Amino acid sequence: MAAKFFLLALLALSFSRARASDPSQLQDFCVADRTSQVFVNGFACKDPKTAVVEDFHFSGLHMAGNASNKQGSAVTAVNVAHIAGLNTLGISLARVDYAQYGQNPPHIHPVHPRF
Ligand SMILES: *[C@@H]1O[C@H](CO)[C@@H](O)[C@H](O)[C@H]1NC(C)=O
C-alpha cells in the first residue's frame, strides 16, 4: 500500500509543471494625474484620451548640475514627478554631477516621490 502511494506520488511529481511569470500590467500606460487626491499604487491615471507627448518626455539631462555646494555634487532626478507617463512603471533615473572631491552623501530613495 505504501509502495503504491509512493509510486503515485512519484508519478504526480514527475508530471507536474511549474509556470511562473510576472503578472501582466493592467494597462500600457497610466499617465499620472498629479492633481488627483486618489492614491492607487502611485498616482491615479488621468484619462488616456488626454495624454499628450509631454507626458512622456523630459529634457535637461544633458545639462550639468551645479555642484558648487557643501557636498560637491548635484543630482538631477527624473521620475514620475517629471515624466507623468512613468507612473506605476517603477522607473526613474538621475544624473549626478560631482565637483572635484565631491561626494554623494548617504541617502534613501523614498518609494514614492509624493512622500
Ligand atoms: C552655482 O551655485 C553657486 C552657489 O549657490 C553659485 O554661486 C553659482 O553662481 C552657481 N553657478 C551657476 C553656473 O549657476
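The values are calculated or read from the model by the stated rules, or taken from the named source; none is laboratory data. This structure is a prediction, so every number in the text was calculated from the model and none was measured. Cβ coordinates were reconstructed from backbone atoms using ideal geometry, including for glycine residues, and neighbour counts include every protein chain displayed. To get the accessible areas, we keep the full protein, side chains included, count just its heavy atoms, and leave off ligands, DNA and RNA. Shrake-Rupley method; radii C 1.70, N 1.55, O 1.52, S 1.80 Å.
Please enumerate the residues belonging to the stretch 29-48 that are among the acidic types (D, E) and loosely packed, with under 10 Cβ neighbours inside 10 Å.
D47
Just name the residue that is least open to solvent (accessible area, probe 1.4 Å) out of those in the stretch 55-76 that are under 20 Å from the mean Cα position of the chain (by Cα) and in contact (Cβ under 8 Å) with a residue 24 or more places away in the chain. Selected residue: D55. Of the residues examined, A99 is one that is open to solvent by less than 50 Å² (accessible area, probe 1.4 Å), within 16 Å of the ligand (Cβ to nearest atom) and in contact with a strand residue (DSSP E or B) (Cβ under 8 Å, 6 or more places away or on another chain). Is it true that some residue in the stretch 47-61 is outside any loop (DSSP other than H, G, I, E, B), away from the ligand (no atom under 16 Å from the Cβ) and either modelled with pLDDT under 90 or small (G, A, S) (or both)? No, that holds for no residue.
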